[in-house]
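Only the coordinates and a few stated rules stand behind these numbers; no lab work does. The shown structure was predicted, so the numbers you read here are calculated from the model rather than taken from an experiment. Here the Cβ positions follow ideal geometry from the backbone for every residue, glycine too, while neighbour counts run over all protein chains shown.
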Amino acid sequence: MKNRPYTHPGIILKEEFAVPLKLSQAMLAKLLNTGIKTISELYNEKRGITPLMALKLANLFGTTPEFWMNLQNNYDLHKTYNKQKNEIDKIKKMA
């Protein structure tokens, strides 16, 4: 695993998409047909990207759902590895 932490996809959503496009949380929630609380929780790293949200974001921004799911998967793997590193490192490689 790389040492630098992966960025939460909510931060990418905010900094790379919403801010440059001047989308408020309320406008983004409306465009995605979701609640403003959902957007707030994504921005504040309290919620992850679900497959449904990945599909919605891909449709809205012209990306792919895989882009959003990969961001979430990488973030989750890195977070879990850091939390469970000692347990994981006890396992010896077979090959």
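Here are the numbers for the structure shown:
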read-out: Count of residues meeting criterion [charged (D, E, K, R) and either in a helix (DSSP H, G or I) or surrounded by 12 or more Cβ atoms within 10 Å (Cβ to Cβ) (or both)] in segment 72-95; value: 6
read-out: Members of segment 59-71 found to be farther than 15 Å from Thr34 by Cα and either surrounded by 13 or more Cβ atoms within 10 Å (Cβ to Cβ) or in contact (Cβ under 8 Å) with a residue 40 or more places away in the chain (or both), listed by number; value: Phe61, Thr63, Thr64, Pro65, Phe67, Trp68, Met69, Asn70, Leu71
read-out: Residue tally, condition outside any helix (DSSP H, G or I), over 30 Å from Asp89 (Cα atoms) and either touching a strand residue (DSSP E or B) at 6+ places or on another chain (Cβ under 7 Å) or among the aliphatic types (A, V, I, L, M) (or both), over segment 1-60; value: 3
read-out: From the options Glu41, Glu87, residue that is of a type in the set (Asp, Glu) and out of contact with any Lys or Arg (no Cβ under 7 Å at 6 or more places or on another chain); value: Glu87
read-out: Matching residues, segment 3-50, being aliphatic (A, V, I, L, M), free of Cβ contacts under 8 Å to residues at least 12 places away in the same chain, surrounded by fewer than 18 Cβ atoms within 10 Å (Cβ to Cβ) and within 19 Å of Leu71 (Cα to Cα); value: Val19
read-out: Pick from segment 75-95, criterion in contact with a helix residue (DSSP H, G or I) (Cβ under 9 Å, 6 or more places away or on another chain) and in contact (Cβ under 8 Å) with a residue 24 or more places away in the chain, ranking: nearest to Lys56 (Cα to Cα); value: Tyr75
